[in-house]
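Worksheet: the structure to be examined is printed underneath.
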Amino acid sequence: MTAADRIRAVFADAGCTGRLHARRCDDSTQEISIGGAERVVTASVYKLPLLLAYCRAVDAGRIDPLSRLTVDPADCTPGPTGLSALHDPVTLSRRDLATSMITVSDNAAADLLLGEIGLAAVHELVESAGLEQTRLVGGTSDVHRTLVRDTDTHDTAAAFAALADNDEAWTVSAYDPAYTSATTPEEMTRLLAALWRGEVVSDSQTEFARSVLRRQVWPHRIAAGFPHRGVTVAGKTGTIGIIRNEVAVVEFPDEYPVAVAVFTRAARADPALPAVDAAIAEAARIAVTELRRALPTE
């Protein structure tokens, strides 16, 4: 059985559809692809190109990463983590906004950064990287507004409660890559590989972006497939309703890093689906294992 066949079986066993792409961060053309060219919903994976657009703005001098702003959580985009989970106004730097956006998938921080950088700057980053199938239509607050509209509810909490009801078969724009922010697994691994090769932003911002991605706190998806001492998983998750994703670079000591992107749609909309999370980990493990190569020795 090929690696691709094993990955398809993992997704089937978990009760989800899955799209995956993996490649080494070198000049090799070897890849693992299961629907890797198909368009998929990004969910919070959109924060990866937003992070890199922020880094480019820093490189261009348009944003001072150390400049501070004060944020009132009451005015923030809702989310289970980050600024909106706080009680009192907080002052932090733009650099820490970007860090919170990635490490804990802070919705409020992402929307604040997007407001400062502008959607056009993210489009410019995407276009310069040659990502023709990647499209960002807005931030998290924009997605929340469409969810409230599509579920005919009055606020974000009610909209997510409606989505989690398995007795309802919701057709919402947030699930359709034709109407919401979307990409392909292949384009996300291409972007990650370019970042790891230092081809997207300056050396200093490359190191910043890598370090922030390495500090993502969520251990239940791709990182769960690599519980080994010395292995680093630098990634960004994305979740909304039936959508569960993660893109990451897996780094083994003395080996070429491997970029992997996994995007899934579950048959159920439960807020927690451990079987699907585990499938993302196992699919990534199979793909990365197939592509591992040692660095040349001098």
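Against the test of being of a type outside the set (D, E, K, R), touching a strand residue (DSSP E or B) at 6+ places or on another chain (Cβ under 8 Å) and modelled with pLDDT under 95, the options 222, 242, 280 yield a single qualifying residue, 242.
Scanning segment 76-98 for residues being closer than 15 Å to residue 116 by Cβ and either open to solvent by less than 70 Å² (accessible area, probe 1.4 Å) or acidic (Asp, Glu) (or both) gives a total of 9.
Filter segment 148-202 down to the residues that are among the β-branched types (Val, Ile, Thr) and touching a residue at least 24 places away in the same chain (Cβ under 8 Å), then identify the one that is nearest to residue 259 (Cα to Cα).
Narrowing segment 148-202 to residues among the β-branched types (Val, Ile, Thr): 148, 151, 153, 156, 171-172, 180, 183-184, 189, 200-201.
Now narrow it down to the ones that are touching a residue at least 24 places away in the same chain (Cβ under 8 Å): 156, 172, 180, 183-184, 189, 200-201.
Working: 156: 33, 172: 30, 180: 24, 183: 15, 184: 13, 189: 5, 200: 15, 201: 18 Å.
Across segment 148-202, the extreme among qualifying residues is 189.
Each row is one residue, and each column tells you yes or no for (1) free of Cβ contacts under 8 Å to residues at least 24 places away in the same chain; (2) out of contact with any Gly (no Cβ under 7 Å at 6 or more places or on another chain); (3) open to solvent by 10 Å² or more (accessible area, probe 1.4 Å); (4) of a type in the set (Asp, Glu).
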| position | (1), (2), (3), (4) |
| --- | --- |
| 245 | no, no, no, no |
| 254 | no, yes, yes, yes |
| 260 | no, yes, no, no |
| 266 | no, no, yes, no |
| 273 | no, yes, yes, no |
| 276 | no, yes, no, no |
| 283 | no, no, no, no |
| 293 | no, yes, yes, no |
| 296 | yes, yes, yes, no |
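Take the conditions among the aliphatic types (A, V, I, L, M) and modelled with pLDDT under 95 and apply them to residue 74. Does it pass? When the stated conditions are applied, residue 74 passes them.
Among the residues of segment 192-199, at least one is over 22 Å from residue 39 (Cα atoms), open to solvent by less than 60 Å² (accessible area, probe 1.4 Å) and not acidic (Asp, Glu). Listed by position, the helices (runs of 4 or more DSSP H) contained in segment 129-234 that have at least 2 residues being among the basic types (Lys, Arg) are 140-151, 203-214. Search segment 203-238 for residues being touching a Lys or Arg at 6+ places or on another chain (Cβ under 6 Å) and without any contact (Cβ under 8 Å) to a residue 60 or more places away in the chain, and hand back the single one that is nearest to residue 280 (Cα to Cα). That would be 234.
Take the conditions surrounded by fewer than 20 Cβ atoms within 10 Å (Cβ to Cβ), within 30 Å of residue 161 (Cα to Cα) and not hydroxyl-bearing (Ser, Thr, Tyr) and apply them to residue 142. Does it pass?
Details: surrounded by fewer than 20 Cβ atoms within 10 Å (Cβ to Cβ): yes; within 30 Å of residue 161 (Cα to Cα): yes; not hydroxyl-bearing (Ser, Thr, Tyr): yes.
Criteria met by residue 142.
Taking the criterion of being in a loop (DSSP other than H, G, I, E, B) and closer than 30 Å to residue 166 by Cα, the residues of segment 239-260 that qualify are 241, 242. Picking from residues in segment 4-40 that are out of contact with any His (no Cβ under 9 Å at 6 or more places or on another chain) and open to solvent by less than 10 Å² (accessible area, probe 1.4 Å), the one that is nearest to residue 291 (Cα to Cα) is 22.
Screening residue 114 with (1) modelled with pLDDT of 95 or more; (2) open to solvent by 30 Å² or more (accessible area, probe 1.4 Å); (3) within 25 Å of residue 147 (Cβ to Cβ) gives one miss only, at (2).
The values are calculated or read from the model by the stated rules, or taken from the named source; none is laboratory data. Worth saying up front: this structure is predicted, and the values here are computed from it rather than measured. Neighbour counts run over all protein chains shown; Cβ positions are idealised from the backbone, glycine included. In case anyone asks, the SASA skips ligands and DNA or RNA and just uses the protein heavy atoms, side chains included. Shrake-Rupley method; radii C 1.70, N 1.55, O 1.52, S 1.80 Å.
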